[in-house]
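Novice: Below is the structure I would like to discuss, written out as structure tokens.
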Amino acid sequence: MKKFLILPLLALLFYCSSSPSIQQYFVEKSEDPSFLLVDIPTSVLGVEEAILSDEEKEALASFQKLNLLLFRKTEANATQFQDELKAVKAILDDQRFDPLFILNDTSYTGKLLLQGSVERPDELIFFGSANEGFVVVRLIGRKMQVEKVVLLATALQREGAFKNAAETLEGMF
């Protein structure tokens, strides 16, 4: 009987000791003064739902909030910036994440990553970095679908929601 219990416990231990998740990284960095962690509910985006189509309303309802983790590089934390950037890239380059699109420019890079399937993603993550710092955004919701992310992003851009969110964040600094 003991032999049957040891095998599942070893499997559980091995599974739990696997590479860290982006969620664990967010929790670990929440108390670090070099980071800013903000939960942004979709209500902050200031989208007038009456203007949205039924499909856009359904897409908006499937998302609850954005978890934003921002690292702003300064002279005092330049070494930490390099270490943190490597740590985030190692987590996101894990085979658990599939890139949906990648942006490369001379001054910044970014990518939208998916964990799970396109039909039912477990997690959607945007990662962007530049010389001044980096940002990791986790999209939290229920019954999320990649098509809804695209539809929602189009509607949010049209309604000026990104500007509303940026103004709200500026007010926090």
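The values are calculated or read from the model by the stated rules, or taken from the named source; none is laboratory data. Quantities reported herein were computed from a predicted structural model and do not represent experimental measurements. Positions of Cβ are generated from backbone atoms using ideal geometry, with glycine treated the same way; all protein chains shown enter the neighbour counts.
Novice: Looking at region 103-112, which of its residues are of a type in the set (A, V, I, L, M) and either more than 17 Å from VAL137 (Cβ to Cβ) or in contact with a Leu (Cβ under 8 Å, 6 or more places away or on another chain) (or both)?
Specialist: If the condition is that a residue be of a type in the set (A, V, I, L, M) and either more than 17 Å from VAL137 (Cβ to Cβ) or in contact with a Leu (Cβ under 8 Å, 6 or more places away or on another chain) (or both), then LEU112 is the only one that fits.
Novice: While we're looking at this one, here's another question. If you check PHE101, PHE71, which single one turns out to be within 15 Å of the chain's Cα centre (by Cα), under 15 Å from VAL150 (Cα atoms), among the aromatic types (Phe, Trp, Tyr) and not in a loop (DSSP other than H, G, I, E, B)?
Specialist: PHE101
Novice: Any idea which of VAL146, VAL137, VAL150 is modelled with pLDDT under 75 and within 26 Å of GLU49 (Cβ to Cβ)?
Specialist: Result: VAL150 is the single residue among VAL146, VAL137, VAL150 that is modelled with pLDDT under 75 and within 26 Å of GLU49 (Cβ to Cβ).
Novice: Something else now. For the list (1) in contact (Cβ under 8 Å) with a residue 60 or more places away in the chain; (2) in contact with a Pro (Cβ under 7 Å, 6 or more places away or on another chain), I need the number of the one condition that ARG72 fails.
Specialist: With (1) in contact (Cβ under 8 Å) with a residue 60 or more places away in the chain; (2) in contact with a Pro (Cβ under 7 Å, 6 or more places away or on another chain) applied to ARG72, the lone miss is (2).
Novice: Is it fair to say SER117 is touching a strand residue (DSSP E or B) at 6+ places or on another chain (Cβ under 7 Å) and more than 18 Å from VAL136 (Cβ to Cβ)?
Specialist: Against the criterion (touching a strand residue (DSSP E or B) at 6+ places or on another chain (Cβ under 7 Å) and more than 18 Å from VAL136 (Cβ to Cβ)), SER117 does not qualify.
Novice: For residues that are surrounded by 17 or more Cβ atoms within 10 Å (Cβ to Cβ) and at pLDDT 80 or above, tally how many sit in region 27-55.
Specialist: 3
Novice: Out of LEU112, LEU60, I need the residue that is part of a helix (DSSP H, G or I) and within 23 Å of ASP39 (Cβ to Cβ). Which one?
Specialist: LEU60
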